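Here is the structure we will look at, set down as structure tokens.
The values are calculated or read from the model by the stated rules, or taken from the named source; none is laboratory data. In this text, all values refer to a predicted model and were calculated from it rather than measured experimentally. Ideal geometry is used to build each Cβ from the backbone, glycine not excepted, and the neighbour counts take in all protein chains shown.
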Amino acid sequence: MGEVDTKGVVLLDFWVSPFGQRCRIALAEKGVEYEYREENLLGDKSPLLLESNPVYKKVPVLIHDGKPVCESLLIVQYIDEWWPHRAPLLPADPYARAHARFWADFIDKKVRPPYADASYVLWKLKGEGHSAAKEEFTGILKLLEGELGDKKYFAGDAFGFVDIALVPFVCWFYTYETYAGFSIEELTPKLVAWGKRCMERESVAKTLSDPHKVFEFVGVLKKRFGVE
Amino acid sequence: MAEAAGEVRLIGAWPSPYVLRPRVALNLKGVEYEFLEVTFGEKSELLLRSNPVYKKIPVLLHHDKPVCESMIIVEYVDGAWANSGHAILPADPYERALHRFWAVYIDDKWFPSMVGIGKAETEEAKAESAEQARAGLKLLEEAFEKLSKGKAFFGGDTIGYVDIALGAHLGWAKVIEQMTGLKLFDEEKTPLLAVWAERFCNHEAAKEVMPETEKLMEYAKIRLGK
């Protein structure tokens, strides 16, 4: 990562990206002013993006006084460490921090939107492959619900890192349900309740996309990649 | 201030680069620990109980509380023994973000290309994976230049986060070089990394736990059935 000429805080992002939304939520929780720059991921990538993230060429990228930070969870940690005094996102205790990192990493590995990797299957496969994907996804949601338990948020009473890692996917629930033919509320009611609680926070409510717009977007992607 | 053995246990296996990482971190902090060695692939009850999500090594048990995922363990060790030894991650948030970025790159992009070399069934596939691995090393060479600021390690004067992330793979890198005849840590193409690699392997925190190439080669042959 090199240095680019932009002062203050700039976020290179794409409206529906759950990874970008993690960063937006973190910045909002901290009350940090920033410039949002939309990248058109369905078109050409801007020179600034290519320069700021030469390794992956992906959003989100946070550029702070010209210095780029890449990878959404790393950006969230950076935001937490740079602005530590307000709304701490990670707990102080090293064991609790390791626990939070573990679950955020799990979410990063297992909960994916369809464009994040070409092999993400829920909306592409038919028949057996589709049922297997549905079962796997159900398993992941249940594991997450197990971890949440009866707590208000993943770390307890304070909204934090794991919540931020997962909550952008809440606006994808409608899409998952429609393609998979299941009800997430029936499968994991505590998780849905948690999602609603998170939506009561301004940072989340103002960031998450309208679930119907997300569904429309997936429709556009499917046409573009010739998936029926 | 070393912890009494018994308070810190590490479930692992000697050939695993992921297990190596917490071992180097614990050594850097002067922490005594009990190494609970498992046969690779064997899932002991303790392992299944401590890491129910992935059922994989390494798992650090500190006062019986499990920490999983190698680099998360490294960061935990850095925090739990913050007053011992040197800091593994730098203090500055931007530098930390860079160290974490490269550790993720090493695991998500570079190491898979190394695995690709090992698994390649044709000369073409092998050459392609080798090209990717070398391209990755060139990026890491640039990262080294930037992060080390002219000093011996990615972490500066002493072993840091990225050193541990990459250094852990050196044993298997040597095996792949020997088995394929390909030079990966090339003195001409990536001179800084070539020197760093030797330095890492000889560092007191890594020396005793780095597996010997001969032992790994034998192990690889048995596992790959070659």
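Hey, can you tell me all the residues within the range B:49-73 that are surrounded by fewer than 20 Cβ atoms within 10 Å (Cβ to Cβ), at the interface with chain A (Cβ under 10 Å from one of its Cβ atoms) and in a loop (DSSP other than H, G, I, E, B)?
Within the range B:49-73, B:52, B:53, B:54, B:63 qualify.
Taking only the range B:140-163 into account, find how many residues are in contact with a Gly (Cβ under 9 Å, 6 or more places away or on another chain), aliphatic (A, V, I, L, M) and outside any helix (DSSP H, G or I).
Of the residues in the range B:140-163, 1 are in contact with a Gly (Cβ under 9 Å, 6 or more places away or on another chain), aliphatic (A, V, I, L, M) and outside any helix (DSSP H, G or I).
Within the range A:56-81, take every residue that is more than 9 Å from every other protein chain (Cβ to nearest Cβ) and without any contact (Cβ under 8 Å) to a residue 40 or more places away in the chain and give me the one that is surrounded by the most Cβ atoms within 10 Å (Cβ to Cβ).
A:58
Can you find a residue that is modelled with pLDDT of 95 or more, surrounded by fewer than 16 Cβ atoms within 10 Å (Cβ to Cβ), at negative phi and outside any strand (DSSP E or B) anywhere in the range B:88-111?
Within the range B:88-111, one or more residues are modelled with pLDDT of 95 or more, surrounded by fewer than 16 Cβ atoms within 10 Å (Cβ to Cβ), at negative phi and outside any strand (DSSP E or B).
Restricting the range B:99-116 to residues that are charged (D, E, K, R) and within 13 Å of residue A:70 (Cβ to Cβ), which is farthest from the other protein chains (Cβ to nearest Cβ)? Before the answer, list the steps.
Filtering the range B:99-116 for residues charged (D, E, K, R) gives B:100, B:107-109.
Adding the requirement that they be within 13 Å of residue A:70 (Cβ to Cβ) leaves B:100, B:108-109.
On the way: B:100: 5, B:108: 9, B:109: 8 Å.
Checked the range B:99-116; the qualifying residue farthest from the other protein chains (Cβ to nearest Cβ) is B:108.
Does any residue in the range B:168-194 that is farther than 15 Å from residue B:140 by Cα come within less than 6 Å, Cβ to Cβ, of a residue that is not in a helix (DSSP H, G or I) six or more places away or on a different chain, and which pairs are these?
B:171/B:210; B:171/B:211; B:177/B:184
Kindly indicate whether residue B:76 is farther than 26 Å from residue A:52 by Cβ, facing chain A (nearest Cβ under 10 Å) and crowded, with 20+ Cβ neighbours inside 10 Å.
Considered against the rule, which asks whether it is farther than 26 Å from residue A:52 by Cβ, facing chain A (nearest Cβ under 10 Å) and crowded, with 20+ Cβ neighbours inside 10 Å, residue B:76 comes out as yes.
Which condition from (1) more than 13 Å from chain A (Cβ to nearest Cβ); (2) surrounded by fewer than 14 Cβ atoms within 10 Å (Cβ to Cβ); (3) of a type outside the set (D, E, K, R) is the one that residue B:82 breaks?
(1)
Report those helices (runs of 4 or more DSSP H) wholly inside the range A:136-199 carrying at least 1 residues which are modelled with pLDDT of 95 or more and of a type in the set (Lys, Arg).
In the range A:136-199, A:189-199 are the helices (runs of 4 or more DSSP H) which contain 1 or more residues that are modelled with pLDDT of 95 or more and of a type in the set (Lys, Arg).
Please determine whether any residue of the range A:41-64 is out of contact with any helix residue (DSSP H, G or I) (no Cβ under 9 Å at 6 or more places or on another chain) and closer than 22 Å to residue A:172 by Cβ.
yes
Somewhere in the range A:82-93, is a residue crowded, with 22+ Cβ neighbours inside 10 Å, over 20 Å from the mean Cα position of the chain (by Cα) and within 14 Å of another protein chain (Cβ to nearest Cβ)?
no
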